[in-house]
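A short write-up of the structure that comes next.
A short reminder: the numbers here are calculations on the coordinates, not readings from a lab. Bear in mind the structure is a predicted one, so any value in this text is a computation, not a measurement. When we count neighbours, we look across all protein chains shown, and the Cβ atoms used for this are built from the backbone with ideal geometry, even at glycine.
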Amino acid sequence: MVKLLLTGFEPFLTNPINPTMDIVRALNGKRIDQYEIVGHVLSVDFQKAPEQFLKLIEEVKPTIIVSLGLAAGITKISPERVAINVKDGEKDNAGNAFEDAPIRENGDVAYFSTLPIRKIVNRLNTAGFPAAISNSAGTYLCNNIMYEGLYYAANNERIKAAGFIHIPASFELAIQHGRIPGWSARDLQKAIELALGECVQSIQ
Ligand code: PCA
């Protein structure tokens, strides 16, 4: 059976909950048409996460790769347009931080998502879920994983689509924060299911 690799992340920085974990776990093993979803949670660790991710890609041999990350404070589901060859920002969960560093020394400067990001946004908006394309995935772990997925896909013909979607906080996380918007966990999951459906459809 063909596989769709779906990754999420563990909690990090000021976020004691990462709603991507629940989505990935809930969808693990489910099917969309002929695709089986294989869900995994990655560490928020610049050393470990790319290793875990590339190992998973080798093991699962997916045709589609969709990675999810939390962007606490956003209001809309945000498919990312581009990943850049930069690591920078706050400390990861192992206490390591980078400044202006490349992800891959001789890698391309950037990769565009190969997910159908416009169709995902349109499908979600039509279904009543706020969504918009984001033009920056930042320079932290999410950008790093998106870059690695697209780097791998650029060198592997089996992968037909790869990319990244940032999601807003869940109610649970928003309540703990006190000052950020939140979605119900049910709506977050439903919106991601619709987005994955669009990914599958786009490469039929
Ligand atoms: N969001 C972070 C890293 C892990 C996550 O869920 C980011 O946007 O880089």
Is the shape of segment 82-204 best called rounded, prolate or oblate, per the rule: a/c under 1.5 gives rounded, else a/b larger than b/c gives prolate, else oblate, with a ≥ b ≥ c the square roots of the Cα gyration tensor eigenvalues? oblate
Alpha-carbon centroid distance for the pair segment 120-141 / segment 34-48, whole angstrom: 20
Set Lys55/Lys190; Lys30/Lys76; Lys3/Lys55 screened for pairs whose C-alpha atoms are more than 19 Å apart: Lys55/Lys190; Lys30/Lys76
For segment 60-103, convex hull of alpha carbons as volume per residue, Å³: 144
If you place +1 on the Cβ of every Lys and Arg, -1 on the Cβ of every Asp and Glu, and leave all else neutral, what size is the dipole of segment 1-74 about its Cα centre, to the nearest 20 Debye? 140
What are the residues whose amide H is under 5 Å from the amide H of Ser134, where those residues sit 5 or more places off or on another chain and H is modelled from the backbone? Glu80, Arg81
Relative packing of 112-123, 160-171, which averages over residues the other C-beta atoms within 10 Å, highest first: 160-171, 112-123
Phi angles of segment 108-119, converted by Karplus (6.51 cos²θ - 1.76 cosθ + 1.60, θ = phi - 60°) into ³J(HN,Hα) in whole Hz with x for Gly and Pro, give 4, 5, 7, 10, 7, 4, 10, 7, x, 5, 5, 5
Please list, in chain and number order, the residues 5+ apart from Val2 or on another chain whose amide H is under 5 Å from its amide H, with Hs placed from the backbone. Glu36
Roughly how many debye, to the nearest 20, is the charge dipole of the chain about its Cα centre, given +1 on each Lys and Arg Cβ, -1 on each Asp and Glu Cβ, and no other charges? 700
Kindly rank 5-18, 56-69 from highest to lowest mean number of other beta carbons found within 10 Å of each residue. 56-69, 5-18
Helix-only CD estimate at 222 nm, as mean residue ellipticity for the chain, using -39500 (n - 2.57) per DSSP H run (n ≥ 4): -11000 deg cm²/dmol
Among residues other than Ala26 whose Cβ falls under 11 Å from its Cβ, what is the net charge (Lys/Arg +1, Asp/Glu -1)? +2
Quick check on packing: order 70-79, 92-101 by the mean number of other C-beta atoms within 10 Å, highest mean leading. 70-79, 92-101
Please work out the C-alpha center-to-center distance from segment 84-102 to segment 154-204 and express it in whole Å. 23
